[in-house]
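We did not get these values from a lab; they are worked out from the coordinates using the rules stated. Computed from a predicted structure; not experimentally measured. In this analysis, Cβ positions are derived from the backbone assuming ideal geometry, glycine residues included, and neighbour counts consider all displayed protein chains.
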Amino acid sequence: MSQSLSGRRVLLIIGGGIAAYKALDLIRRLRERGAAVRPILTKAAQEFVTPLAAAALAGQRAHTDLFDRADEAEIGHIRLARDADAVVVAPATADLMARMAGGHAPDLASTVLLATTLPILIAPAMNVRMWQHPATQRNLATLTGDGVSVVGPNDGAMAEAEHGPGRMAEPGEIADALETMLTARSERGGLGFLAGRAVKGSLAGKTVLVTSGPTHEPIDPVRYLANRSSGRQGHAIAAAAAAAGARVTLVSGPVSIPDPAGVAVIRVETAREMLAAVEAALPADIAVFAAAVGDWRPAEARGGKIKKDGSAVPPLTLVENPDILATIAGRTEGRPPLVVGFAAETDDVLDNARKKLAKKRCDLLVANDVSHEGGVMGGVENTVHLLGRDGALDTWPRLGKDEVGKRLVARFAELLSKAPPA
Ligand code: CTP
């Protein structure tokens, strides 16, 4: 096991929810990676796990009470809020997120969160309906706007026999996200002040919108039309933009990869939902359309499952989906100053890409060959060609999608600095 968090001091706030048991495993994972972990348990967390168990795994005492005299004399809550390199909140319940977003401080955990200037990573965990409630989504937007990083929640079966986003990210994913957050902050000059608000970086102060992943177009409640996009390239761009100091919104179709740290993620299924989410997320300085949007959808999504009745195969009539990139790039008002499109091609890559750039009116087009042999669609590497409006062409070697994301972000920053203001 690599000591990738060696010497890091993590203040782990454990919220009250069934996922609290996974926080114990998180303590173990963080320590395996070399971090020192100081746990704080909310009152509700203690209904699920004991301070003794957390302390035993952490190898140091667990804190619980704001008004514990012995505690305050030994290490006050202000020192707790300072004596670490990062704060991780896992599980972050809907209530804890609301307290953080509202600046309320009725107990030790929320007082420390209000008093700290350290980078904060939250791992939300709650019932799917609570997660999707507009109040929670509002709180999430406030927190990411304040510079809080978020990991998860994941899709999956939950304690109440329901399915959907709400499951806490796995301990390994949380530890990975913590590493990403700490690396991103040291890359932009180690500025963690005010939980990331005072940031440096080539895109500091800029807003970036990225679409990513496939869309699912329903045929009936159990079947849909989709494509092989994994979302890796779009997610890598979002992660790189956040690491470069931008405030990033990622509108993602259904994917099975983790959310990038420090990015506000809006999950959608269909092309029409993606367009609505993009409209809601604008304005932005840069809009990157990396999603593999379904060009067509079934004319009618049936309310009940289509049954085999032994006779004819059911017909599938398709209608065209809105073109999200062309809609936004064609605007005269509210058009982002830098609009970046992608072109997924299997034949005549450059020729088709040039036509797409003109037709969709983007400022930069990233073309890639997605024929089956290349393994780009769904894979971890990409060979891209960059086409500018002025006809300039750049071809990069085959690179990991993360590296492509970083290089693209550097190019965006350069182009934006030359673009006329919106
Ligand atoms: N795009 C979009 N909305 C759509 C279709 C595509 O926003 N309904 C965007 C993609 O995100 C990408 C660009 O348009 O940035 C090109 O996508 P691509 O699938 O390569 O091209 P299409 O327009 O679908 O054309 P074709 O399938 O004929 O190649």
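Worth a mention:
- Using alpha carbons only: equivalent-ellipsoid semi-axes of the range 381-422, gyration tensor based, whole Å: 21, 13, 6
- Report summary: the helix-based calculation at 222 nm, which adds -39500 (n - 2.57) for every DSSP H run with n ≥ 4 and divides by the residues of the chain, gives -10000 deg cm²/dmol.
- The range 1-154: C-alpha gyration tensor shape, a/c 1.5 cut-off, then a/b vs b/c: rounded
- For the range 333-422, taking the reciprocal of the average inverse distance between every pair of different Cα atoms yields a Kirkwood hydrodynamic radius of 13.7 Å.
- Magnitude of the charge dipole for the range 200-418, about its Cα centre and with charges confined to Cβ atoms of Lys, Arg (+1) and Asp, Glu (-1), is about 400 debye.
- In degrees, nearest ten, helix 20-32 long axis to first principal axis of the chain (Cα): 90 degrees
- Å³ per residue enclosed by the Cα convex hull of the chain: 161 Å³
- Highest-fluctuation residue, His216, His104, His63 considered, GNM on the chain with Cα pairs under 10 Å: His104
- Angle between the chain longest axis and helix 134-145 axis [Cα atoms, degrees, rounded to 10]: 80 degrees
- J(HN,Hα) series, the range 330-345, from Karplus relation 6.51 cos²θ - 1.76 cosθ + 1.60, nearest Hz, glycine and proline x: x, 5, 9, 9, x, 6, x, x, 10, 10, 10, x, 10, 10, 9, 10
- Calculated translational diffusion coefficient of the range 200-418 (25 °C, 0.890 mPa s; Stokes-Einstein with Kirkwood radius over alpha-carbon pairs) equals 137 µm²/s.
- The GluC sites (Glu not before Pro) of the range 211-283 include none that meets both criteria, a DSSP state outside H, G, I, E and B (loop) and at most 12 other C-beta atoms within 10 angstrom of the site's C-beta.
- Pairs from the list Lys307/Lys359; Lys308/Lys355; Lys206/Lys356; Lys355/Lys406 with a Cα-Cα gap above 32 Å: Lys307/Lys359; Lys308/Lys355.
- DSSP bridge pairs, the chain: antiparallel proportion in percent, nearest 5: 30 percent
- Compared with the dominant Cα axis of the chain, that is its longest principal axis, helix 271-281 is turned about 60°.
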